[in-house]
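Here's the structure, in structure tokens; my notes come after.
Please treat every number below as a calculation from the coordinates, not as lab data. Owing to the predicted nature of the structure, the values given are computational and were not obtained by experimental measurement. Using ideal geometry, Cβ is built from the backbone for each residue, glycine included, and neighbour counts are taken over all protein chains shown.
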């Protein structure tokens, strides 16, 4: 996903989050400049790790449109990448799996089409759409103004918040700019989280660190009072062995669209209205049936709200 989430490898979707790689962080955050500031309410989800619908998401296409009158697609061609668990990764048996893979297969099943899913390097995914080598990209892309110049997007199917983590024994404070005045807050350099803190928490002592590993260790060891980062990766860390159960979420979640995005969606070739209708309709039905929430719970077992 051009992403802020760390990537890990192990034997299952929850256990997969054990290995940090920072190489995918910058693509997710490059989009934040130039977007209009939209302050969304801090709305908790009713279940699962993510909210799976949002007033700020792109609306799904209606189930019946003229695009469905076009010849039926026998095969839907998806491209993804293979090193971004729990979204898409190879399991211990070498099989491609993950949330995005199951989502793509569910979309194909709804469209009564065969799924063709190929793995490409991240930088080649949109190029495959432009070359007409694929119909859609299921790799956890954020809906961004920059990406919209090259591709269309389905309705958003996931939203990722920012969260504060704190040591369990820490004093209870209001998680507001006033409540965290003069508090030491770790954040990772070059991220939307850094930009957000420097805009709204200017009276805090912001400690900019080079990686999530460094920021988490600073929090666990007491060198900082708080850590502000992506809620998904933090949830896996807080519930995993590497945190040594040191810390917990406080406050939030933070969903401001300018900084934390309009959601994660399927990327579709520009102008391919039929594919957009097929994907939007499938997402709409998966949400209504509870299947989407089931997939979320399978791959993201820790609540982040």
Starting with the fewest neighbours, write out 303, 149, 258, 216 ranked by other beta-carbon atoms found within 10 Å of each beta-carbon. 149, 303, 258, 216
For region 162-254, report the translational diffusion coefficient in µm²/s to the nearest whole number, using Stokes-Einstein at 4 °C, 1.567 mPa s, and a Kirkwood Rh over Cα pairs. 101
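Stretch residue 174-residue 116 to full length: gain in nm at 0.36 nm per residue minus the Cα-Cα span?
Details: separation 58, 0.36 × 58 = 20.88 nm, distance 4.93 nm.
Answer, rounded to one decimal: 16.0 nm.
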Using only Cα atoms, locate the centre of region 160-223 and the centre of region 74-143, then give the distance between them in Å, rounded to an integer. 34
Region 231-305: Kirkwood hydrodynamic radius (Cα pairs, Å) comes out at 15.2
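Using r as the Cβ-Cβ distance of residue 200 and residue 248, and R0 as 22 Å, what FRET efficiency do you calculate, to the nearest 0.05? Walk me through the numbers before you get to the answer.
On the way: r = 22 Å, r/R0 = 1.00.
Efficiency for this residue pair is about 0.50.
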Label-point separation in nm, residue 223 to residue 285, each point 7 Å along Cα→Cβ: 5.2
How high is the FRET efficiency between residue 124 and residue 241 when r is their beta carbon distance and R₀ equals 41 Å, given to the nearest 0.05? 0.75
Evaluate the distance, in nm, between pseudo-label points positioned 7 Å from the Cα of residue 182 and of residue 91 along their respective Cα→Cβ axes. 5.4
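Test of understanding: ordering 74, 187 by Cβ neighbours within 10 Å, fewest first, what list do you get? Intermediate values should be presented prior to the final figure.
Values: 74 9, 187 27.
Result, fewest neighbours first: 74, 187.
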